[in-house]
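This is the structure, below, for whatever I ask next.
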Amino acid sequence: MNLSTVSEALKIILNTSENFGTEEVNFLDSVGRVLKEDIIADRDFPPFNRVSMDGIAIAFEAFSKGQRVFKIEGVQAAGSKQLTLQNSTNCVEAMTGAMLPMNTDVVIQYELLTIENKVATVNTDEIKKNKNVHLKGLDRKKGDVLIPKNTKISSAEVGVFATVGKTIVTVAKQPKVMIISTGNELVDVSENPAEHQIRRSNVFTLVSLLDKLKIKTETAHIPDDKNLLLSKIERFLNEYDVLLFSGAVSKGKFDYIPDVLDKLGVQKLFHRVQQRPGKPFWFGKKGFKTVFAFPGNPVSTFVSCLKYFYSWYYKSVGLNFENQNEAILNEDFYFKPNLTYFLQVKITQINGNIYATPVKGRGSADLVNLVDADAFLELPDNRSNFIKGEVFPLIMYR
Ligand SMILES: Nc1nc2c(c(=O)[nH]1)N[C@H]1C(S)=C(S)[C@@H](COP(=O)(O)OP(=O)(O)OC[C@H]3O[C@@H](n4cnc5c(N)ncnc54)[C@H](O)[C@@H]3O)O[C@H]1N2
Ligand code: MOO
Ligand SMILES: [Mg+2]
């Protein structure tokens, strides 16, 4: 049998990534999307010498000559225009966030002062020039790139968009994705299954996995009927960039998907991967259209989407995903077949290390077991004994 290894399969998939272009979105709708423009500082950060403690602003020279008593000339509030210290032996009260008054170069906080009758007495000798002043341009200079393009946007980036007045940002456009389940045993979630039926669950797992990437999806269900499959999938191939299938790719009498896709002119790039779960995985292309046909067992669909679709998507939108997570195996583990094994694990973090403890399940149909685990540890093929303390790639889903 012609099996691709996990790394061969991944390489083929990454080679077929697509560019879906860019679009503009409101900055508040941008979290989770991939930025496609550099965000530039429109002014220095901070934009003026910013007072960073509430107190008095003085000329350091007066202090250095031994002066400790300062007459208060006025109050510099945050949001007020810059005041000027008129007499270099006086002071101006100055608040956090205010402009440092002209002719002053240090702020002494209220905790170190006694103030009486508009006169401040400094109760310390430990003052240095520029203390409590956040100097103009110290953080970033006007024109600096604050956020480079191809960054995944989080709340941290939203704050920076706001501070530079970027209310509309350019992000990577998302692919149009259709998620399709097949199988006569499957009924809708709202239905009561008969004894021989189950509710379709994989499509919704996939919907939510893509939702985490901020990809909106549509779903469809097609019974095990070749003609129906042919006509519906033909339409989906025309309308969508990506089709994600779950089921009907193995050896069964009703596993029609590979044959139907072939008849519709989708070129098979591989079928079957040297892995568990997910061995019957089928992948192909028709022009710019990309087809992932995941095996129907729920854990197979789940891990294959994380490992392969996510990687393909990251590459397509220009995200760097090479800084992959790793974890330390927390128990000896034995797995005989010569297959990459995606081991379900529970994660604990101790002193900055990530430990992965195997969670025993009943194989790839045991979807409830996914709830007990947090991640998959990717154990390589070609060996069977995995020793406590060894480090392996980790695919997190929490
Ligand atoms: N003779 C062989 N039989 C099987 C092999 C094999 O190599 N030789 N591989 C096994 C492996 S591994 C897997 S994984 C499954 C893959 O099956 P298919 O991709 O053909 O999927 P189905 O037959 O349609 O379904 C399998 C299983 O999954 C359930 N399923 C399917 N879709 C959904 C859904 N949307 N929600 C919930 N559950 C779903 C389905 O009811 C079946 O129980 O094949 C093995 N057999
Ligand atoms: O991929 Mo199958 O899920 O190994 O059981
Ligand atoms: Mg089957």
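In segment 287-298, is there at least one residue being within 30 Å of residue 243 (Cβ to Cβ), away from ligand 2 (no atom under 14 Å from the Cβ) and loosely packed, with under 15 Cβ neighbours inside 10 Å?
yes
Residue by residue, here is whether (1) closer than 30 Å to residue 22 by Cα; (2) within 16 Å of ligand 3 (Cβ to nearest atom); (3) not assigned by TED's automatic domain parsing to the domain that holds residue 344 holds:
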{"position": "208", "(1), (2), (3)": "yes, no, yes"}
{"position": "230", "(1), (2), (3)": "no, no, yes"}
{"position": "241", "(1), (2), (3)": "yes, no, yes"}
{"position": "246", "(1), (2), (3)": "yes, yes, yes"}
{"position": "263", "(1), (2), (3)": "no, no, yes"}
{"position": "267", "(1), (2), (3)": "yes, no, yes"}
{"position": "286", "(1), (2), (3)": "yes, no, yes"}
{"position": "312", "(1), (2), (3)": "yes, no, yes"}
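Might you check whether a residue that is in the same structural domain as residue 286 (by TED's automatic domain parsing), more than 24 Å from residue 36 (Cβ to Cβ) and exposed (fewer than 15 other Cβ atoms within 10 Å of the Cβ) occurs anywhere in segment 158-180?
For segment 158-180, residues in the same structural domain as residue 286 (by TED's automatic domain parsing), more than 24 Å from residue 36 (Cβ to Cβ) and exposed (fewer than 15 other Cβ atoms within 10 Å of the Cβ): absent.
All but one of (1) of a type in the set (D, E, K, R); (2) in contact with a Phe, Trp or Tyr (Cβ under 9 Å, 6 or more places away or on another chain); (3) surrounded by 13 or more Cβ atoms within 10 Å (Cβ to Cβ) hold for residue 129, so report the exception by its number.
(3)
Just checking, how many residues over segment 114-140 are in a strand (DSSP E or B), under 15 Å from residue 63 (Cα atoms) and of a type in the set (S, T, N, Q)?
The number of residues fulfilling the criteria is 1.
For segment 1-11, give me the residue count where each residue is surrounded by fewer than 16 Cβ atoms within 10 Å (Cβ to Cβ) and of a type outside the set (S, T, N, Q).
Adding up the residues that qualify gives 3.
Turning to a different aspect of this structure: Pairs under 9 Å by beta carbon, first residue more than 16 Å from residue 306 (Cβ to Cβ) in segment 363-375, partner hydroxyl-bearing (Ser, Thr, Tyr) and surrounded by 16 or more Cβ atoms within 10 Å (Cβ to Cβ), six or more apart or different chains?
365/300
Cβ-Cβ under 7 Å, sequence separation 6+ or interchain: first residue in segment 88-112 and on the phi > 0 side of the Ramachandran plot, partner of a type in the set (Ser, Thr, Tyr). Which pairs?
Taking only residues 6 or more apart or on different chains, the pairs are 103/84; 103/88.
Go through segment 217-229 residue by residue and tally those that are surrounded by fewer than 17 Cβ atoms within 10 Å (Cβ to Cβ) and out of contact with any helix residue (DSSP H, G or I) (no Cβ under 8 Å at 6 or more places or on another chain).
The qualifying residues number 5.
Name the pairs whose Cβ atoms lie under 6 Å apart, with the first residue in segment 173-194 and within 26 Å of residue 253 (Cα to Cα), the second among the basic types (Lys, Arg) and surrounded by fewer than 21 Cβ atoms within 10 Å (Cβ to Cβ), and 6 or more positions between them or separate chains?
187/199; 189/199; 193/199
I need a count of the residues in segment 382-398 that are in contact with a Lys or Arg (Cβ under 8 Å, 6 or more places away or on another chain) and among the hydroxyl-bearing types (Ser, Thr, Tyr).
Matching residues across segment 382-398 total 1.
Might you let me know whether segment 15-23 holds any residue that is in contact (Cβ under 8 Å) with a residue 12 or more places away in the chain, under 30 Å from residue 243 (Cβ atoms) and of a type in the set (A, V, I, L, M, F, W, C)?
Yes, there is a match, as at least one residue in segment 15-23 is in contact (Cβ under 8 Å) with a residue 12 or more places away in the chain, under 30 Å from residue 243 (Cβ atoms) and of a type in the set (A, V, I, L, M, F, W, C).
The values are calculated or read from the model by the stated rules, or taken from the named source; none is laboratory data. Keep in mind that this is a model prediction, so the values were computed, not measured. Glycine also receives a Cβ, built like all others from the backbone with ideal geometry; neighbour counts cover every protein chain displayed.
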